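> Let me begin by handing over the structure; questions about it come next.
The values are calculated or read from the model by the stated rules, or taken from the named source; none is laboratory data. Source: prediction; values computed, not measured. Ideal geometry is used to build each Cβ from the backbone, glycine not excepted, and the neighbour counts take in all protein chains shown.
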There are 2 protein chains.
Amino acid sequence: MSKVIDFQTDPSGYHHWKVDYDGPVATVYMDVDEDAGLFEGYKLKLNSYDLGVDIELADVVQRMRFEHPEVKTVVMQSGKDLVFCAGANIRMLGGAAHSHKVNFCKFTNETRNTFEAAEADSGQKWIAAVKGACAGGGYELALACNYIMLTDDSTTSVALPEVPLLAVLPGTGGLTRVTDKRKVRRDRADIFCSIEEGIKGKRAKDWRLVDEVVPNSKFADTVAERAREFASSSPKADVEKGIALTPLNRTIDDKGVHYDLVEVEIDRAGRKATITLSGPETDAPASTDELVALGAEGYMLKLARELDDAILHMRLNEMDIGLWVFRTQGDPEKVAAHEAMLLDSDDFWLSNEILQYWKRVLKRVDVTSRSLAALVEHGSCYAGVLAELLFAVDRSYMMEDEFEGDNRPIATITLSQSNFGRYPMGNDLSRLETRFYGEPESVTKAQAHTGEALEAGEADDLGLVTMVLDDIDWDDEIRIFMEERASFSPDAMTGMEANLRFAGPETMETRIFGRLTAWQNWIFNRPNAVGETGALQRYGTGVRGEYNMERV
Amino acid sequence: MSKVIDFQTDPSGYHHWKVDYDGPVATVYMDVDEDAGLFEGYKLKLNSYDLGVDIELADVVQRMRFEHPEVKTVVMQSGKDLVFCAGANIRMLGGAAHSHKVNFCKFTNETRNTFEAAEADSGQKWIAAVKGACAGGGYELALACNYIMLTDDSTTSVALPEVPLLAVLPGTGGLTRVTDKRKVRRDRADIFCSIEEGIKGKRAKDWRLVDEVVPNSKFADTVAERAREFASSSPKADVEKGIALTPLNRTIDDKGVHYDLVEVEIDRAGRKATITLSGPETDAPASTDELVALGAEGYMLKLARELDDAILHMRLNEMDIGLWVFRTQGDPEKVAAHEAMLLDSDDFWLSNEILQYWKRVLKRVDVTSRSLAALVEHGSCYAGVLAELLFAVDRSYMMEDEFEGDNRPIATITLSQSNFGRYPMGNDLSRLETRFYGEPESVTKAQAHTGEALEAGEADDLGLVTMVLDDIDWDDEIRIFMEERASFSPDAMTGMEANLRFAGPETMETRIFGRLTAWQNWIFNRPNAVGETGALQRYGTGVRGEYNMERV
């Protein structure tokens, strides 16, 4: 699996999804082309999916929010007759490297979270209309929808057969959503997750696995009715027309990835990448009309899209690059102005969508299993949303005082109101609240300096950076940090960062990325699942996996 | 490592610990005998520990609470000059099977939790008096104490060097306590966990890694002073004399483990164990004086001790036994009366200690990585504390109506007030609150039936059992369940149960057993740590581990 995985697509290139738009209701059909897998060696039978299918789905979700803001209800259903979705393709999983499996699950989890959150964030409620077998990752798709309708016929059931069938977990949120979202009683959940054939009809409703069971003959009508009802009771404002998410201007070469506003420079020997974000050239839009007219060329949206793509590209295609170093260059006042325009008009749909998108991009940073650092150099523009990056990374270094031969504007950090709750982490705290988990008074203290261009001394006093360094120490300290980081075991780094980044409270979201994912990753390393006689390898051979029966 | 590990010990058999009692202050000296490791093949140098050291520590903690209730402050310090504690022994870890590593860490975690909670539960506050190197598991010992004093000399530091040195995590709560208990800022935690040599003196205090730094010359005096201060301001009532924790009456043979009140019957072919708890023969003590006079022979304490030992024995010595089935037989009214006596006198120190101990034993059940079931048969005595077992297991089955030829009293379940908060899980919810996470009204409904002997129909209506079965179905249903369970991959079971058992909120405790432990277990399976050229194998050879640098 060494070809470059591209996360950019658009409806003209879809192999697996079709969307019908009908005013406030959209219908998303999953109709996987079994011959259009992302890699060789497997067929995507029975609406099973691989990363390529999920990349298209993520695009559907994203375009729904920007290109089709008129939509208030989205019905997800199958384009095939007898199956809703059979889940992640097992042969693909059986053949994939551990690192691909883990990153594949992370991306699918992020996509599930995105359409799950679309109701709260954007007023787009997703309904799963389940007809036919809905198993494993298929039911996890339904679980991430906020309403599940099940037809009542002999072939339709919901199931999480991973444990009995494959010796792995329903790891794309399945176990966690069953207990935390659907609130299924734990002994019933235990039974449900042990039954290969799943649960049908009334019992599925009684156990809260679905919201509504409908006779087969009335299913299509009832789904349509429910979709209209949800749409008409939606608090979402009416919007006539969206904006087009035009293709990114991107070049990938051996040195890195190059966009208009984001530059990723890869240092293979040093196993690190430098990700430089540019500030805006132009002034902020003067009105929401202007924001709409700019569309995908508007600074805040364009930067988010480029950074999002860069993160995904680097995660899946550059796994040996263990350290990402963020830099910014530009005018911090202009960054602040562009963000302020959105904050001031956040009741306007597009402003809201761009801010919500930044929330998602920043969450992607949080759960990225790379060591993350940020350099606050002279000439940088860490204001508001970009300052948020400083609180997402593991360590930040800031230039103090003038550097010889460097006549860029002195390094500063400018907080905006957005740093105090606009972009919450998965744990529902702001990054500053997480950072100052032990000293909430430091959040208040920092907040009092909102809007000020804080130089190194002040930023250090407020605890906003890890370390401030002058001209004498800068190069050496940073070189030593980078070399040290590159020498550590990547696995230990991943485990350490997954713990240190999420202090304090947990939410369903962090539990999925923390507890559930960590156990799944463990199982993905165990011979009972992935060994030669393990269940994933044996799947489809008619022979069950052979297990070492020792309990650990 | 196939010898039987015995969790029973007493001070006469200690190799590694010494305790001085001085009225309300006790001093616990860690002075590990390097030649007295539990297994062959390593020396416990520099106060490093293995499971044997921890078994003794657990005994110290337990006896402190029952035999020395006069103690209000416990000072933990080293019996050696230059080292506080070097953490878990690396050669032991390098040589241990994955299953031993995982179970070793679980037991040490439980012991840390026990002395950490001694302040809140029993008014015994543990202080760590750190002199000399305090690294890895050594600092994790200190972190579980509720006050850390550090001497200010050139050789004394606190450190978590696992990541840089060993490519594993500080997995005995280290990472979680640094962020959640000590509330160290996450970028500082990142630095601290990357520095092999650790952090000394003032910076350790400034970063909240310790509570107090004291000049070396004044250290002993200041520690003594602080211990007296904490003791005199303790809210704990004065108690003159404890009770003796006399040796358990236990026989281990090939068929199982046999105690006076607990019978563990092992079915190796079926990979299951049946654990039968007997109800009391005698009436409840009529007074707290009688409770004290009974001492370790009192029903509630004796049963807790036997069950606790059985759990630990089965966890570490019988890893192929993947299913534990709990049974009870006896008079439920007598069980209820014994528990009620403690509940009614819970302001009396011994009543409190026994109830607190049951809380710990039940928490051990929760985090046991075995499939757990309970059978509510005729003649059983699931009342109060024993009914709590029904809500700890993964599934419960209850006999309904009379069974042919069975003239035992009809199966019932009797709730007591204790089922509504007296024995919280690690997530700080009662087991019934966790069970009914989606329907809190069901907790209220069940509570209205407190004290009633509920037969199968009522228990089923209240949602207290997974399934009720009559004479016709009982044998088959249970046999099928057991056979099915025995056929599944143990790893998948462990991961599934770790997710389903802990719905909803997380606490520091559940985050240690969930997030931290799961990531550590993953790393314990990765070649970078445990492979031939991994860090654990290479440790002490002077050659660093060789790592696959791919990020997962």
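> Taking region B:325-336 as the region of interest, how many residues are within 13 Å of B:Glu265 (Cα to Cα) and either surrounded by fewer than 24 Cβ atoms within 10 Å (Cβ to Cβ) or aliphatic (A, V, I, L, M) (or both)?
Of the residues in that region, 2 qualify.
> Which of (1) in the same structural domain as A:Asp152 (by TED's automatic domain parsing); (2) within 30 Å of the chain's Cα centre (by Cα); (3) at negative phi is the odd one out, the single condition A:Asn216 does not satisfy?
(2)
> How many of the residues making up region B:355-411 are touching a Phe, Trp or Tyr at 6+ places or on another chain (Cβ under 7 Å) and part of a helix (DSSP H, G or I)?
6
> Of all residues in region A:468-489, how many are aliphatic (A, V, I, L, M), in a helix (DSSP H, G or I) and touching a residue at least 12 places away in the same chain (Cβ under 8 Å)? I'd like the intermediate steps shown before the answer.
Pass one, region A:468-489, residues aliphatic (A, V, I, L, M): A:468-469, A:472, A:478, A:480, A:482, A:486.
If we keep only those that are in a helix (DSSP H, G or I) too, we end up with A:478, A:480, A:482, A:486.
When the remaining residues are screened for being touching a residue at least 12 places away in the same chain (Cβ under 8 Å), the result is A:478, A:482, A:486.
The number of residues fulfilling the criteria is 3.
> Now for a separate question. Residues A:Ala296, A:Ala284: which one is within 20 Å of A:Lys359 (Cβ to Cβ), part of a loop (DSSP other than H, G, I, E, B) and either assigned by TED's automatic domain parsing to the domain that holds A:Ser396 or free of Cβ contacts under 8 Å to residues at least 12 places away in the same chain (or both)?
Only one candidate passes the filter, namely A:Ala284.
> Then there's this: Can you tell me which residue within region B:141-155, out of those that are surrounded by fewer than 23 Cβ atoms within 10 Å (Cβ to Cβ) and in a loop (DSSP other than H, G, I, E, B), is nearest to the other protein chains (Cβ to nearest Cβ)?
For region B:141-155, the residue satisfying everything is B:Asn146.
> Also, quick follow-up: Would region A:326-336 turn up any residue that is touching a helix residue (DSSP H, G or I) at 6+ places or on another chain (Cβ under 7 Å) and either part of a strand (DSSP E or B) or within 14 Å of chain B (Cβ to nearest Cβ) (or both)?
The answer is yes; a qualifying residue exists.
> Among the listed residues A:Gly171, A:Gly138, identify the single one that is more than 14 Å from chain B (Cβ to nearest Cβ) and either of a type outside the set (Phe, Trp, Tyr) or assigned to a helix (DSSP H, G or I) (or both).
So the residue among A:Gly171, A:Gly138 that is more than 14 Å from chain B (Cβ to nearest Cβ) and either of a type outside the set (Phe, Trp, Tyr) or assigned to a helix (DSSP H, G or I) (or both) is A:Gly138.
Conditions tested, residue by residue: (1) in contact (Cβ under 8 Å) with a residue 12 or more places away in the chain; (2) touching a Lys or Arg at 6+ places or on another chain (Cβ under 7 Å); (3) closer than 26 Å to A:Arg515 by Cβ.
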{"site": "B:Val292", "(1), (2), (3)": "yes, no, no"}
{"site": "B:Lys302", "(1), (2), (3)": "yes, no, no"}
{"site": "B:Leu312", "(1), (2), (3)": "yes, no, yes"}
{"site": "B:Leu323", "(1), (2), (3)": "yes, yes, yes"}
{"site": "B:Leu342", "(1), (2), (3)": "yes, no, no"}
{"site": "B:Val365", "(1), (2), (3)": "yes, no, yes"}
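> Residues A:Thr466, A:Thr510: which one is crowded, with 21+ Cβ neighbours inside 10 Å, of a type outside the set (A, V, I, L, M) and touching a Ser or Thr at 6+ places or on another chain (Cβ under 9 Å)?
A:Thr466
> I would also like to ask the following. Take region B:62-104 and flag every residue that is of a type in the set (S, T, N, Q) and modelled with pLDDT of 95 or more.
B:Gln62, B:Thr73, B:Gln77, B:Ser78, B:Asn89
> Within region B:82-103, restricting attention to residues that are outside any helix (DSSP H, G or I) and surrounded by fewer than 23 Cβ atoms within 10 Å (Cβ to Cβ), which residue is farthest from the chain's Cα centre (by Cα)?
That would be B:Leu82.
> Something else: So is A:Arg177 in a helix (DSSP H, G or I), touching a Gly at 6+ places or on another chain (Cβ under 6 Å) and not assigned by TED's automatic domain parsing to the domain that holds A:Asn521 or not?
Considered against the rule, which asks whether it is in a helix (DSSP H, G or I), touching a Gly at 6+ places or on another chain (Cβ under 6 Å) and not assigned by TED's automatic domain parsing to the domain that holds A:Asn521, A:Arg177 comes out as no.
> Give me the residue from region A:500-509 that is part of a loop (DSSP other than H, G, I, E, B) and facing chain B (nearest Cβ under 7 Å) and, out of that set, farthest from B:Met508 (Cα to Cα).
Among residues in region A:500-509 that are part of a loop (DSSP other than H, G, I, E, B) and facing chain B (nearest Cβ under 7 Å), the one farthest from B:Met508 (Cα to Cα) is A:Arg501.
> Can you tell me which residue among B:Val468, B:Val552 is aliphatic (A, V, I, L, M), over 31 Å from the mean Cα position of the chain (by Cα), outside the structural domain of B:Val163 (by TED's automatic domain parsing) and at pLDDT 90 or above?
B:Val468
> Further, regarding this structure: Select from region A:454-499 the residues that are small (Gly, Ala, Ser) and away from chain B (no Cβ under 14 Å) and write down the one among them that is nearest to B:Arg551 (Cα to Cα).
Within region A:454-499, the match that is nearest to B:Arg551 (Cα to Cα) is A:Ala456.
> For residues that are part of a strand (DSSP E or B) and surrounded by fewer than 17 Cβ atoms within 10 Å (Cβ to Cβ), tally how many sit in region A:228-266. Please lay out each step first, then the result.
Initial filter on region A:228-266 (part of a strand (DSSP E or B)): A:251-253, A:256-258, A:262-266.
Adding the requirement that they be surrounded by fewer than 17 Cβ atoms within 10 Å (Cβ to Cβ) leaves A:251-253, A:258, A:265.
Of the residues in region A:228-266, 5 are part of a strand (DSSP E or B) and surrounded by fewer than 17 Cβ atoms within 10 Å (Cβ to Cβ).
> Quick check on B:Leu516: is it within 7 Å of chain A (Cβ to nearest Cβ), in a helix (DSSP H, G or I) and of a type in the set (A, V, I, L, M, F, W, C)?
yes
> Listed residues B:Val213, B:Val163, B:Val158; which is more than 14 Å from chain A (Cβ to nearest Cβ) and closer than 21 Å to B:Ile90 by Cβ?
B:Val158
For (1) closer than 20 Å to A:Gly463 by Cβ; (2) within 14 Å of chain B (Cβ to nearest Cβ); (3) in contact with a strand residue (DSSP E or B) (Cβ under 7 Å, 6 or more places away or on another chain), each residue gets a yes or a no:
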position	(1), (2), (3)
A:His378	no, no, yes
A:Ala387	yes, no, yes
A:Asp394	yes, yes, yes
A:Arg408	no, no, no
A:Ser416	yes, no, yes
A:Asn419	yes, no, no
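Let's see how each residue does on (1) under 18 Å from the mean Cα position of the chain (by Cα); (2) surrounded by fewer than 20 Cβ atoms within 10 Å (Cβ to Cβ); (3) not assigned by TED's automatic domain parsing to the domain that holds B:Phe219:
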position: B:Ala36; (1), (2), (3): no, yes, no
position: B:Ser48; (1), (2), (3): no, no, no
position: B:Leu51; (1), (2), (3): yes, no, no
position: B:Arg65; (1), (2), (3): yes, no, no
position: B:Val71; (1), (2), (3): no, no, no
position: B:Cys105; (1), (2), (3): yes, no, no
position: B:Phe115; (1), (2), (3): yes, no, no
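> Of all residues in region A:102-137, which are more than 17 Å from A:Leu175 (Cβ to Cβ) and basic (Lys, Arg)?
Those that are more than 17 Å from A:Leu175 (Cβ to Cβ) and basic (Lys, Arg): A:Lys125, A:Lys131.
> Quick one: A:Val184 ticks every box in (1) in a helix (DSSP H, G or I); (2) touching a Phe, Trp or Tyr at 6+ places or on another chain (Cβ under 8 Å); (3) free of Cβ contacts under 8 Å to residues at least 60 places away in the same chain; (4) surrounded by fewer than 24 Cβ atoms within 10 Å (Cβ to Cβ) bar one, so which box is it?
(1)
> Can you list residue pairs whose Cβ atoms sit under 9 Å apart, with the first residue in region A:417-433 being closer than 21 Å to A:Arg511 by Cβ and the second being among the aromatic types (Phe, Trp, Tyr) and in a loop (DSSP other than H, G, I, E, B)? Count only pairs 6 or more apart in sequence or on different chains.
So the pair list comes out as A:Met425/A:Phe502; A:Gly426/A:Phe502; A:Asn427/A:Phe502; A:Leu429/A:Tyr437; A:Ser430/A:Tyr423; A:Arg431/A:Tyr423.
> Which residues, taken from region B:147-181, are farther than 28 Å from A:Trp522 by Cα and not hydrophobic (A, V, I, L, M, F, W, C)?
Those that are farther than 28 Å from A:Trp522 by Cα and not hydrophobic (A, V, I, L, M, F, W, C): B:Tyr147, B:Thr151, B:Asp152, B:Asp153, B:Ser154, B:Thr155, B:Thr156, B:Ser157.
> Another question about this same structure. Please go through (1) surrounded by fewer than 18 Cβ atoms within 10 Å (Cβ to Cβ); (2) within 7 Å of chain A (Cβ to nearest Cβ) for B:Glu532 and return the number of the only condition it doesn't satisfy.
Condition not satisfied by B:Glu532: (2).
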